[in-house]
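See below for the structure under consideration.
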Amino acid sequence: MGKVRTRKVKRLAKEILELYQDRVSMDFEKNKQLVREVFVSGVSKRLANRIAGYLTSLVKLQAKKEAELKAESAAAQADVTSEKPK
């Protein structure tokens, strides 16, 4: 089973992903710095780490989906080009 995350963690991570999509990466440490910069008013270290971890998993999941779509489209292209009319 997966890890349980609170609504607060998910909501804050999705907000950061929408607003700072170009700065979010697959690196946890960089995401942790980004969370600290965004929430200057202060979030606990534990909450910041949870948000950064969720951001990292979201980015990795997006990359995986994009790779699968790319592979499917490449396979579909190969099927179309391999079928020659007789």
**Prompt:** What relative contact order, as a whole-number percentage, does the chain give when Cα pairs under 8 Å and 6 or more residues apart are counted?
**Reply:** 30 percent
**Message:** Report, in listed order, any pair from Lys45/Lys70; Lys14/Lys70; Lys8/Lys30; Lys8/Lys70 with a Cα-Cα distance greater than 28 Å.
**Reply:** Lys45/Lys70; Lys8/Lys70
**Between helix 28-38 and the chain: long-axis angle, C-alpha atoms, 0 to 90°, nearest 10** = 60 degrees
**Asked** For segment 1-51, what class follows from the C-alpha gyration tensor (a ≥ b ≥ c being the square roots of its eigenvalues): rounded when a/c is under 1.5, otherwise prolate if a/b is larger than b/c, else oblate?
**Response** rounded
**Message:** What distance in nm separates the two pseudo spin-label positions at Asn49 and Val80, each 7 Å out from Cα along the beta-carbon direction?
**Reply:** 4.9 nm
**Asked** Mind checking the log10 I(q)/I(0) for the chain at q = 0.24 Å⁻¹? Debye, one equal scatterer per Cα, no solvent, two decimals.
**Response** -1.13
**Prompt:** Hey, which aspartates and glutamates would be in cross-link range of Lys32, C-alpha to C-alpha under 17 Å, not counting anything within fewer than 8 residues on its own chain?
**Reply:** Glu15, Glu18, Asp22
**Complete:** Checking rank on 29-38, 70-79, with mean other Cβ inside 10 Å and highest first, the result is 29-38, 70-79
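FYI, it's all coordinate maths here, none of it is from the lab. Quick caveat: nothing in here was measured; it's all calculated off a predicted structure. Note: ideal-geometry Cβ built from the backbone for every residue, glycine included; neighbour counts use all protein chains shown.
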